[in-house]
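Novice: Here you go, one structure.
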Amino acid sequence: MINIKEIKKQLEQANSLCELEALRINLLGRQGVLNSYLKDLKNLPLDERKKRGEELNLIKEELECIISKKIEAINRSLLLERLKKDSIDPYLPPFPINIGRMHILNRVINKIIHVLERLGYEAVEGPEVETEYYNFEALNMPLHHPARDMWDTFYLNNGKLLRTHTSPIQIRAMEANKLPIKIIASGRCFRRDNPDASHSPIFHQIEALYIDKGVSFAHLKGTLEYFARSMFGREQKVKFILSYFPFVEPGAEVAVKCVICKGRGCITCKQTGWLEILGAGMVHPEVLERQNIDYKIYSGFAFGMGAERIAMLMYGINHIRHFLDNDLRFLNQFKYNLED
Ligand code: FA5
């Protein structure tokens, strides 16, 4: 017969998880004591078999309960021991914690997007690897058009290219949306430009496109004046200089009064007092017609700006490479303020 008193004593005395497991296997395992009694049941007469079976099941449950309580107790005492050994002094001063923050360029891009979203523009995206069709052809630059040379292009082996500007997104937006269209798109652009203080082979542009009935150059001027004042301050002056882009007519370059020298002339503005920040214009009728938009009913404007240039102007940064250097001495200068 099982000596339950003796078993309980053994369990009580076990003081490691290993010891306990060995006892458990010996008592409750497949080849264990309890199972050998259960196997013998078949040799007993029916009445006795039932009674004995119930007794054995009760013993099994009791032992399982004792073992699990004992495991809990051992684990608890192990934990207490460990806590005593690795105790923490809550009064020690903490290590300095360096919290990461958003890159200054992303913060400027977000600010530009927020300013334009306030005018009802919706943010969209486009691919960095583009086809010639979207980057040039649909923008009124068929194969061999000399204006393609305005953008020194990285061509890929598969016949595609790295987009040279965000203007291909204009075409994708015209394909995907019903009129009127009012979108902004930002992203990386790639050009084989020689690196200098204001040129990098990888840079960011932000593009805007607005097409509706009755959109005029006056709307474009108003939008860009509002944009420049939101970014550079209420007194900011904006200048439109006639320029050429094949996908707009008329086209313009927009300059703001140099924020560094306040228009007096300095190295950054090459002594002109003005700094060019973007290209803009009225969407060319050819471009609209290709997308089956009736240019006699609808008109639109578009503009595209370099995000690095805007950030350089806002913060007086003198070289574009600082954005890519990942130098913490540069990045840590830009603390968050409430406007970000
Ligand atoms: C364009 O890329 C036209 N897609 C802009 C446009 C859009 C015109 C819609 C009309 C209508 P542009 O090549 O001038 O234009 O480039 C626009 C801006 O991108 C420049 O003013 C400059 O701020 C920035 N940019 C151009 N090349 C670089 C470069 N290599 N590094 C840094 N910024 C650059």
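The values are calculated or read from the model by the stated rules, or taken from the named source; none is laboratory data. Given the structure is predicted, the values throughout are model-derived calculations rather than measurements. With ideal geometry, Cβ positions are generated from the backbone for all residues, glycine too; neighbour counts draw on all protein chains shown. Quick note on the areas: whole protein, heavy atoms, side chains included, nothing else; ligands and nucleic acids left out. Shrake-Rupley method; radii C 1.70, N 1.55, O 1.52, S 1.80 Å.
Novice: What trypsin sites (Lys or Arg not before Pro) in segment 235-305 are in a loop by DSSP, with at most 16 other Cβ atoms within 10 Å of the Cβ?
Specialist: Of the trypsin sites (Lys or Arg not before Pro), the ones in loops of segment 235-305 whose Cβ has at most 16 other Cβ atoms within 10 Å are 237, 262, 264, 270, 296.
Novice: Using DSSP to call loops (not H, G, I, E or B), can you name the GluC sites (Glu not before Pro) in segment 23-129 whose Cβ has at most 14 other Cβ atoms within 10 angstrom?
Specialist: 125, 128
Novice: State the percentage of accessible surface on the chain attributable to carbon and sulfur atoms; use a 1.4 Å probe and exclude ligands, DNA and RNA.
Specialist: Answer for the chain is 53 percent, counting heavy atoms of protein chains only.
Novice: Now for a different question. For segment 4-85, what class follows from the C-alpha gyration tensor (a ≥ b ≥ c being the square roots of its eigenvalues): rounded when a/c is under 1.5, otherwise prolate if a/b is larger than b/c, else oblate?
Specialist: Prolate shape, in that a/c is at least 1.5 and a/b is the bigger ratio.
Novice: Can you list the HN-Hα couplings for segment 80-86, worked out from phi with the Karplus curve (6.51, -1.76, 1.60; θ = phi - 60°), rounded to whole Hz and with x for Gly and Pro?
Specialist: 4, 4, 5, 4, 5, 5, 9
Novice: A further question follows. For segment 4-85, how many pairs of lysine residues have a Cα-Cα distance under 22 Å, where the two are 8 or more positions apart or belong to different chains?
Specialist: Taking segment 4-85 as the scope, the lysine pair count is 21.
Novice: Additional query: Taking square-rooted eigenvalues a ≥ b ≥ c of the alpha carbon gyration tensor, is segment 104-331 rounded, prolate or oblate, where a/c under 1.5 means rounded and, failing that, a/b exceeding b/c means prolate?
Specialist: Oblate is the answer for segment 104-331, as a/c is 1.5 or above yet b/c matches or exceeds a/b.
Novice: Segment 208-276 to segment 280-309: how many Å between their Cα centroids?
Specialist: With segment 208-276 and segment 280-309 each reduced to a Cα centre, they are spaced 17 Å.
Novice: So if I take the centroid of the Cα atoms in segment 82-135 and the same for segment 1-65, what is the distance between those two points in Å?
Specialist: 61
Novice: Between residue 286 and residue 144, what is the label-to-label distance in nm when each label sits 7 Å out along the Cα-to-Cβ direction?
Specialist: Here the modelled spin labels are 1.5 nm apart.
Novice: Please work out how much length the chain gains when fully extended from residue 61 to residue 178, using 0.36 nm per residue of separation minus the C-alpha to C-alpha distance, in nm with one decimal.
Specialist: Length difference between fully extended and current span is 34.9 nm.
Novice: Calculate, for residue 122 and residue 95, the FRET efficiency according to 1/(1 + (r/R0)^6) with r their C-beta to C-beta distance and R0 35 Å; round to the nearest 0.05.
Specialist: Calculated transfer efficiency: 0.20.
Novice: Moving on to the next point. Heavy-atom accessible area per residue, the chain, 1.4 Å probe: how many Å²?
Specialist: 61
Novice: Add -39500 (n - 2.57) for each DSSP H run of 4 or more in the chain, then divide by its residues: what number comes out at 222 nm, to the nearest 500 deg cm²/dmol?
Specialist: After summing the helix terms and dividing by residue count, I get -12000 deg cm²/dmol.
Novice: Hey, another quick one. Could you derive backbone 3J(HN,Hα) for segment 87-101 from the dihedral phi with the Karplus parameters 6.51, -1.76 and 1.60 (θ = phi - 60°), listing whole Hz in sequence and x where the residue is Gly or Pro?
Specialist: Values per residue, Gly and Pro as x: 5, 10, 9, x, 8, 5, x, x, 5, x, 9, 8, 8, x, 9 Hz.
Novice: So how much slack lies between residue 219 and residue 84, counting 0.36 nm per residue of separation and subtracting their Cα-Cα distance, in nm?
Specialist: Here the answer is 41.3 nm.
Novice: No other cysteine beta carbon under 4.7 Å away is the test; run it over the chain and list who passes.
Specialist: 18, 65, 189
Novice: Amide H of residue 160: which non-local residues (sequence gap of 5 or more, or other chain) have their own amide H closer than 5 Å, using H built in the peptide plane?
Specialist: The list, which skips near neighbours in sequence, is empty: none.
Novice: Based on the Cβ-Cβ distance of residue 197 and residue 133, what FRET efficiency does E = 1/(1 + (r/R0)^6) give at R0 = 41 Å, to the nearest 0.05?
Specialist: 0.75
Novice: Moving to a separate point now. Please identify the chymotrypsin sites (Phe, Trp or Tyr not before Pro) of segment 206-248 that satisfy two criteria: DSSP loop assignment and at most 16 other Cβ atoms within 10 Å. Which are they?
Specialist: Those satisfying the criteria are 244.
Novice: Tally Lys and Arg at +1 and Asp and Glu at -1 over the other residues with C-beta under 10 Å from the C-beta of residue 284: what net charge comes out?
Specialist: Taking every Cβ under 10 Å from that of residue 284, the sum is -2.
Novice: Roughly how tilted is helix 4-13, in degrees to the nearest 10 and between 0 and 90, from the longest Cα axis of the chain?
Specialist: Roughly 50 degrees, rounded to the nearest 10.
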